[in-house]
Amino acid sequence: MTASSFDGALARVLVHEGGYADHPADPGGATMKGVTQRVYDGWRRRNGLALRPVRRIAQAELAAIYRAQYWDALRADDLPAGLDYCLFDAGVNSGPAQAAKWLQRALGVSADGQIGEATLAALDGRDVPVLIDAVCERRLAMLRTLTTFRTFGAGWTRRVAEVRSAAMAMVEGVSSAAPEGPACGRARPADTRLSRTPEGAGSLIAGIGGLGAVVAEQADRLAPLAAYGGPLKWLFAALMVAGVALTLKAALARLRAGEAA
């Protein structure tokens, strides 16, 4: 991809991220166009610049932060047209590691949250629209599991639909207008922090002999079931508990066998 791919993708993302916000209930604090004060302070320090309110962030600074923390982190320049934007927006909304895992699950490669050579090699010959669909479906399924979906779900659903449509048009080489209107699709940092990955909910219990990573792995695989709601949610929870119990039982058996030896 070229620099123009990033510029166009960033313009679309910023429509969803909106302008300045400083909601007292949002632990992310003051945010301008999706960049929090904390992130902006860190960027200014690393570049030897005096700190200032994020509300005064320059467009060049905004672009540099988005490129480094999301676009480059996802190696979007190495992704096919359409998939680059799809993954970029997902990374901004839910974190680059989570977005990378959605793609890796769709490709059937190890989901470590890092786009590396193995992931890029797996893209060869794959149907890009199918991958875009898979990433969007996994993304929406995860968002539906959040407790704040009742409040923000309509906006998130619209955002994912717009991203999917624009990404598909990019695959076909068709130019489509950026979405208009209020940033109803923005997900606050607090809403996506505990994603079902080792970086999210799994990290809270990752110290228990690696059990957290196992739970997170299975939750990510089964997340699409959450979209059906009702009784299946309880089935989903039961399967998770059973999986954890079996994993713990096997670990204890191996431990006992080692002691016996």
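The values are calculated or read from the model by the stated rules, or taken from the named source; none is laboratory data. Keep in mind it's a predicted model, so treat the numbers as computed, not measured. Glycine also receives a Cβ, built like all others from the backbone with ideal geometry; neighbour counts cover every protein chain displayed. Surface areas here come from the heavy atoms of the whole protein model, side chains and all, with no ligands, DNA or RNA. Shrake-Rupley method; radii C 1.70, N 1.55, O 1.52, S 1.80 Å.
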Worksheet item: Tell me, what HN-Hα J-couplings in whole Hz come from the Karplus equation 6.51 cos²θ - 1.76 cosθ + 1.60 at θ = phi - 60° for each residue of region 73-90, using x for Gly and Pro?
Response: 4, 9, 6, 4, 5, 9, 9, x, 4, x, 5, 4, 5, 4, 6, 4, 5, 5
Fill in: Solvent-accessible ranking of D84, D7, largest area first, probe 1.4 Å
D7, D84
Discussion item. Run the paramagnetic zone check for A81: 7 angstrom along Cα to Cβ, then residues of region 127-156 with backbone nitrogen under 18 Å.
Written reply: 127-133
Practice prompt. Would you please classify the overall shape of region 15-71 from the alpha carbon gyration tensor, given that a ≥ b ≥ c denote the square roots of the eigenvalues, rounded means a/c under 1.5, and beyond that prolate means a/b larger than b/c while oblate covers the rest?
Written response: oblate
Worksheet, complete the sentence: Taking every other residue with Cβ under 12 Å from the Cβ of L74 and scoring Lys and Arg +1, Asp and Glu -1, one gets -2
Item to complete: Sort region 50-185 into rounded, prolate or oblate with this rule: let a ≥ b ≥ c be the square roots of the eigenvalues of the Cα gyration tensor; rounded if a/c is under 1.5, and if a/c is not under 1.5, prolate when a/b is larger than b/c, oblate otherwise.
Response: rounded
Item to complete: Quick one: order D133, D127 from most to least accessible surface, probe 1.4 Å.
Response: D127, D133
Worksheet entry | FRET efficiency estimate (nearest 0.05) - Cβ-Cβ, Q114 to Q59, R0 41 angstrom | 0.90
Practice prompt. Rank these residues by their accessible area, most exposed first, probe 1.4 Å: E117, E17, E137.
Written response: E117, E137, E17
